[in-house]
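I have placed the structure first, in the form of structure tokens, so that the comments after it can refer back to it.
Quick note: the coordinates plus some simple rules give every number you see, no bench work behind them. Owing to the predicted nature of the structure, the values given are computational and were not obtained by experimental measurement. Every residue, glycine among them, receives a Cβ derived from its backbone with ideal geometry; neighbour counts consider all protein chains shown.
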Number of protein chains: 2
Amino acid sequence: MYIYKVIKPTRKQEIIQVAATLFKEKGYSAVSMRDIAQAMHIKAASLYNHISGKQEILSTLILEVAEAFTTEMSAITAETLPTLKKIERVIEIHIDITVNYSENIATLNNDWMHLEGDDLKQVVKMREAYEENFRRIIKQGLSQGEIKPQHPEVILFSILSTLRNLYLWNEKRGKMDVNVLKKDMVAVLIKGII
Amino acid sequence: MYIYKVIKPTRKQEIIQVAATLFKEKGYSAVSMRDIAQAMHIKAASLYNHISGKQEILSTLILEVAEAFTTEMSAITAETLPTLKKIERVIEIHIDITVNYSENIATLNNDWMHLEGDDLKQVVKMREAYEENFRRIIKQGLSQGEIKPQHPEVILFSILSTLRNLYLWNEKRGKMDVNVLKKDMVAVLIKGII
DNA sequence: CTACAAAACTAACGATTGTTAGTTAAAGTT
DNA sequence: AACTTTAACTAACAATCGTTAGTTTTGTAG
């Protein structure tokens, strides 16, 4: 189906990957440049041959995954599908992105406020746009009677909370097949537990 | 129903409250003792007349709310109720505690790993016990047929994710009555959206 | 008014922070 | 072999960190 080409990551990408793992464990502010360097078995000053600073690591990590969400959500919005199918799609893309960007999502969720300048503005804007798209889907479902009459913000909040925290579950999920997880998650979030 | 007595908080409690607000905004590691002091219009060194250090603020904040959860969950476990009623109770106590301890929960969720020594061990233990209690309730519901056959970990994870993130929603909720929120949240989490 | 406790202050400490400058060693290219 | 690029290094910087010591101010009870 797909052809994969294994590309050796640049040194910069390696640094960002290592930093992401540390950020996920202890948070951006608690990880020093020396911590990142030590994890790569080099000195802190050497990092600056590849990156402009700590802030670049943060913004790269966050913008990468934020753009992934924005792209996928736009695609869903553009499609003509029943509301429930759209919500299913939202759940599925969250799971897909979480599997591939677990550390990025941890940093997006927990450390977005440490972004500076335009990066901060952009990420806040993307998040608001994302939520607004999701909100519209839910409201459409309500007005068309596909969704039981309930406070749309409660629905939005509860689904989004679960999806945004999937990254915390990536180890335990480990043995669970992604497609099974998607099916189960769709069932629980949409049809409830009784 | 209740008799409230307004007690003037000690200076120590004021410090912890102010620190909690800052921790919620930027996280424990990104808040300095000088930040906390400035928010109280005093100098950092003055804080040490009332507290032993930054770590004491963290552990006080976290242990306070962790014990609240443990106490309430034990009460639910001890009761003899149908599974669904128990899950309803879990949702309700989460909302109640979130309303009263919003900042503490933010710190518990995001900065527990910065606890040290026995405090860290104790909090991890309490969280595991809490999850295990919830898991048992769900499994009982499954075995008695009160809950649709589904992966118990998926149910546990999705409900708990939503409840643990309620603190993020405390402003928007603002105008929403607590009892209405409880009813809506129970409905969405248990009966789903269709 | 005095005495005492509470709570603020100034000044400084050693450690750690992100980052810069300048240099050196290895790897790849001509 | 000479040259260039890549990626490491040492040393150090100014700023900030949590915290301590010692002193002064403020508020309250006798």
### Query
What helices does chain A hold that run 27 Å or longer along their axis, going by alpha-carbon atoms, with a Kyte-Doolittle average of 0.5 or more, using DSSP H for the helix calls?
A:54-78
### Query
What are the trypsin sites (Lys or Arg not before Pro) within region B:1-67 that DSSP puts in a loop, where the Cβ has at most 10 other Cβ atoms within 10 Å?
B:Lys5
### Query
Relative contact order (percent) for chain B, with alpha-carbon contacts under 8 angstrom and 6 or more residues of separation?
23 percent
### Task
Starting from the Cα gyration tensor of region A:55-191, take the square roots of the eigenvalues, sort them a ≥ b ≥ c, and report rounded, prolate or oblate (rounded when a/c is under 1.5, otherwise prolate if a/b is larger than b/c, else oblate).
oblate
### Task
Within a 10 angstrom radius of each residue's Cβ in A:156-168, how many Cβ atoms of other chains show up on average? Whole number is fine.
6
### Message
Between B:Leu181, B:Leu58, B:Leu115, where does the largest GNM mean-square fluctuation fall for chain B, given springs only between Cα atoms within less than 10 Å?
### Response
B:Leu181
### Summary
Sorted largest first, the C-alpha extents of the protein assembly as shown along its principal axes in whole angstrom are 68, 56, 36
#### Entry: Summed residue charge, Cβ within 12 Å of B:Lys85's Cβ, Lys/Arg positive, Asp/Glu negative
-2
### Query
For region A:1-92, what's the relative contact order in percent, using C-alpha pairs closer than 8 Å and at least 6 residues apart?
20 percent
#### Entry: GluC sites (Glu not before Pro) restricted to region A:60-107 and DSSP loop, no more than 12 other C-beta within 10 Å
A:Glu79
### Query
In what sequence, highest mean first, do B:45-53, B:165-173, A:160-168 appear when ranked by Cβ atoms within 10 angstrom?
A:160-168, B:165-173, B:45-53
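Shielding by partners for B:177-190, please: the mean number of other protein chain Cβ atoms within 10 Å of each residue's Cβ.
Neighbouring Cβ atoms belonging to other protein chains average 3 per residue here.
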## Note on the structure
With a 30 Å threshold on alpha-carbon distance, the violating pairs from A:Lys24/B:Lys121; A:Lys26/B:Lys175; B:Lys54/B:Lys125; A:Lys182/B:Lys175 are A:Lys26/B:Lys175; A:Lys182/B:Lys175
### Message
Nearest 500 deg cm²/dmol is fine: what mean residue ellipticity at 222 nm does chain B get from its DSSP H runs of n ≥ 4 alone, each adding -39,500 (n - 2.57), divided by its residue count?
### Response
-22000 deg cm²/dmol
### Query
Translational D (Stokes-Einstein, µm²/s) of region B:1-121 at 10 °C and 1.306 mPa s when Rh comes from the Kirkwood sum over C-alpha pairs?
99 µm²/s
### Task
With a point put 7 Å past each Cα toward its Cβ, work out how far B:Asp177 is from A:Glu56 in nm, to one decimal.
5.6 nm
